[in-house]
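Rule-based calculations on the coordinates, nothing more; no lab input. Every value quoted in this text rests on a predicted model; they were computed, and no experiment measured them. Methodologically, a virtual Cβ is constructed for each residue, glycine included, from the backbone with ideal geometry; neighbour enumeration extends over all protein chains shown.
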Amino acid sequence: MINYARQNPEVQTDVTSPPADDHIAPAPRVSVQAFCETVETAAAVQSAGEDRRLGKAHLKIQMGGMAAAVEAYRSAPTPNVIILETEGRNDILTGLDQLATVCDSGTRVIVIGRVNDVTLYRELVRRGVSDYVISPVNALDVVRSICGLFSSPEAKAVGRIIAVVGAKGGVGASTIAHNVAWAIARDLALDSVVADLDLAFGTAGLDYNQDPPQGIADAVFSPDRVDTAFIDRLLSKCTDHLSLLAAPATLDRVYDFGAEAFDAIFDTLRTTMPCIVLDVPHQWSGWTKRALVGADDILIVAAPDLANLRNTKNIFDLLKASRPNDRTPLYCLNQVGIPKRPEINSGEFAKAIESEPIASIPFDPQMFGSAANNGQMIAEISATHRSTEMFLQIAQRLTGRGETKKPRGSFLSPLLEKLRAK
């Protein structure tokens, strides 16, 4: 996949600034070898190799550029992807011709060069180069180029994973996750699936009034059977755009998993669903950390007290350090305004975490309790409730989509809002 705009000097674009919604699908399990000429490029490639989206790729870096690559493959098979840095113009074409004599069929080549010229670009395409990137490059440029080789442009919006986790038990993270997923499916008309990862105590089935005979446990305990058809059979249909991968919520077995236990499930869901919302339980293990670090976007749900503030900051800082090339995690405050309970206000939260909460959802036990007991979403009970609009705004932020279909209220809605404000 070659990005013509990055090579064509007639097209004005800033290649160093990724767009606001720069969704990059992860690369599969491939081997990548880079031959660099400058330490700056080598450092960028090394940093890219530590990115979560290249977690399955095996990356090796050598110095020496095109000449070193030609020499290396005279007696060794070529990997899935070769990255070549070159500083000249004629050197590129001459070196590629020499490389072609020792390169295995099927190997994809990415060239990093300093010459920004459309004629050179056409010559590179004619010689079968997969991508040409103008140096200097950063880690995200390398990640985007490698991952782009294995995803078609029309599938770019498919497979966004959103992870929702509570900073502390009992803060309502599952309720937020389910209502936000409902807003994504209903108001953004985006096909979505909720994966309830709390296999012992998950509540997604109750919240959506579903009792499917199969769910996520069938997949995680049968990893060899996981494919698109198998996952489709496990999904429970909630609405036209929303499906559920339910937890068994039983205690007849112990749910101890390795760090990679859910990888096959997530990879399969990415290929079929534009949006996957992970309801991550409040526990710290290898697989929960992997699920959070590997997600495209993360929402932390916290209550306004000291323990939640500490935990939110710890999770926030860890995820920022583990995902240097990703958007920073988001967080919201929930159960705000419980009578007689001392609370830490949103300003103090923002000061400690160095980031503003994207929403402060008010405490409303009557509304949320009724929804939970009836197996309904807040929007189903009251389209004009304050929380309904907040869930919609959170859905917009997490998906990067600005246009929404507003919930329709009655003709008395404006009057009721004014009375409520008074």
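Of note:
- Using alpha-carbon coordinates, inclination of helix 365-374 to the longest axis of the chain, degrees: 80
- Cα-Cα over 18 Å, subset of K313/K340; K60/K320; K168/K313: K313/K340; K60/K320
- Sites R74 and N116, calculated FRET efficiency, Cβ-Cβ separation with R0 35 Å, nearest 0.05: 0.65
- Max mean-square fluctuation residue, GNM over the chain, Cα-Cα springs under 10 Å, options K340, K60, K313: K340
- Per residue, the average separation of C-alpha pairs within less than 8 Å and at least 6 apart gives the chain a relative contact order of 16 percent.
- Within a Gaussian network of the chain (alpha carbon springs, distance under 10 Å), most fluctuating of L188, L251, L398: L251
- Helix 139-148 axis, angle to the chain major axis (alpha carbon atoms, nearest 10°): 90
- If you take the Cα centroid of the range 81-114 and the Cα centroid of the range 369-396, the two points sit 55 Å apart.
- Formal net charge of residues neighbouring L309 (Cβ-Cβ distance under 15 Å; K, R +1; D, E -1): -1
- E354 versus R233: modelled label distance in nm, points set 7 Å from Cα along the beta carbon direction: 5.0
- Structural descriptor for the range 157-404: relative contact order 28 percent, calculated from alpha carbon pairs under 8 angstrom and at least 6 residues apart.
- Cα Rg over Rh - the range 157-404, Kirkwood: 0.94
- Once the Cα atoms are used to define both axes, helix 90-100 deviates from the longest principal axis of the chain by about 80 degrees.
- Volume of the convex hull of the range 128-278 (Cα atoms only), normalised per residue: 163 Å³.
- Remark: spin-label model distance R127-A383 equals 6.1 nm, labels positioned 7 Å along the Cα→Cβ axis.
- Computed label-point distance, nm, for sites V293 and R341 using a 7 Å Cα→Cβ extension: 3.3
- If both residues of a DSSP beta bridge must be in the chain, then about 5% of such bridges are antiparallel.
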